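Notes to accompany the following structure.
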Amino acid sequence: MTEMAPAQRDQHRPLTVGQVAARYGVTVRTLHHYDEIGMLRPTDRSPAGYRLYTGPDIIRLRHIVVYRRLGIPLEEIVALLDDPDADVIAHLRRQRATVMSRLDEMHDLVAAIERALEAEMSGIKLTKDEQRELFGDGYSDEYAAEARERWGDTDAFRQSMSRTSAYTKDDWVDVKAEGDEINAAYADALTAGIAPDTPAVLQVAERHRQHIQERFYDLSPEGHRNLADMYVADPRFTETYERIAPGLAHYVHDAIHANADRAQAQG
């Protein structure tokens, strides 16, 4: 008899809230909220009274996770999942077409936001021609203004401004080269099929964190984890990594999370 894959076993063995959170990338607090609003209520209980998720519950959760990543509001997800006549496959295909159509429109915006984080938000002092030379033609003051509005009141922003205000063009060339090298290391590991939580990839994730900390602002492993969440939550950042290698955004996210977990375990 062949061994069942984890996903198959999940459909036969009830899972606790903690197990579901760990396996499907949601927080326990989120699962409790889904239970409270009636979107995902575990249908079984342990002898001790703890909530348990059965196979159908897990299938429903997978749909919820997909819809949330597409940005669909919770109330619409509930209506969709509870509608016996809803064509889930057709709905997902329509959402996929919508996302794909937006990728081209957002291409320049994604690149410019990344450059804004390295440039205007950090106090870069370059001419427009030098900005184009280093970061390409997609750089825009509009995106720099968005970055300033979004992060301008944070300690990280102020520290970046102070730390990078004296950077020369050569300094920025070095910063960009370091970032490109780190991204290439991530992409090479992904292409080679190396799991994101292996020691070699964790070293890349730690280099990534230290690069930001040394060049821009103090960044704890937990802060790095939060940054990784933004890489997959904001499609503009996601596309920056996807242009390097398909699947790289989630790979980087998982590597950073694993590195943060390692740091937490080490105390």
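Could you check how many residues of the range 19-48 are open to solvent by 40 Å² or more (accessible area, probe 1.4 Å) and in a loop (DSSP other than H, G, I, E, B)?
Of the residues in the range 19-48, 7 are open to solvent by 40 Å² or more (accessible area, probe 1.4 Å) and in a loop (DSSP other than H, G, I, E, B).
Return the residues of the range 70-80 that are within 23 Å of Met230 (Cα to Cα), without any contact (Cβ under 8 Å) to a residue 24 or more places away in the chain and not small (Gly, Ala, Ser); say none if nothing qualifies.
Ile72, Pro73
Please find, among Ala245, Ala263, the residue that is modelled with pLDDT of 90 or more, among the hydrophobic types (A, V, I, L, M, F, W, C) and more than 27 Å from Arg163 (Cα to Cα).
On inspection, the qualifying residue turns out to be Ala245.
Return yes or no: is Ile64 under 26 Å from the mean Cα position of the chain (by Cα), farther than 22 Å from Val232 by Cβ and not polar (S, T, N, Q)?
No: the conditions fail for Ile64.
If I ask for residues that are within 27 Å of Ala255 (Cβ to Cβ) and of a type in the set (Lys, Arg), which ones from the range 19-66 would you list?
Arg23, Arg29, Arg62
Going residue by residue through the range 67-89, is there one that turns out to be open to solvent by less than 30 Å² (accessible area, probe 1.4 Å), closer than 22 Å to His253 by Cβ, in a loop (DSSP other than H, G, I, E, B) and modelled with pLDDT under 90?
yes
Looking only at residues in the range 44-68 that are of a type in the set (D, E, K, R) and in contact (Cβ under 8 Å) with a residue 12 or more places away in the chain, which one is nearest to Arg23 (Cα to Cα)?
Looking at the filtered set, the residue picked out is Arg62.
The values are calculated or read from the model by the stated rules, or taken from the named source; none is laboratory data. What you are looking at is a predicted structure, and each value in this text was computed from that prediction instead of being measured. Every residue, glycine as well, gets a Cβ built from its backbone with ideal geometry; the counts of neighbours run over all protein chains shown. When the accessible area is computed, the model is the full protein with side chains, heavy atoms only, and any ligands, DNA or RNA have been set aside. Shrake-Rupley method; radii C 1.70, N 1.55, O 1.52, S 1.80 Å.
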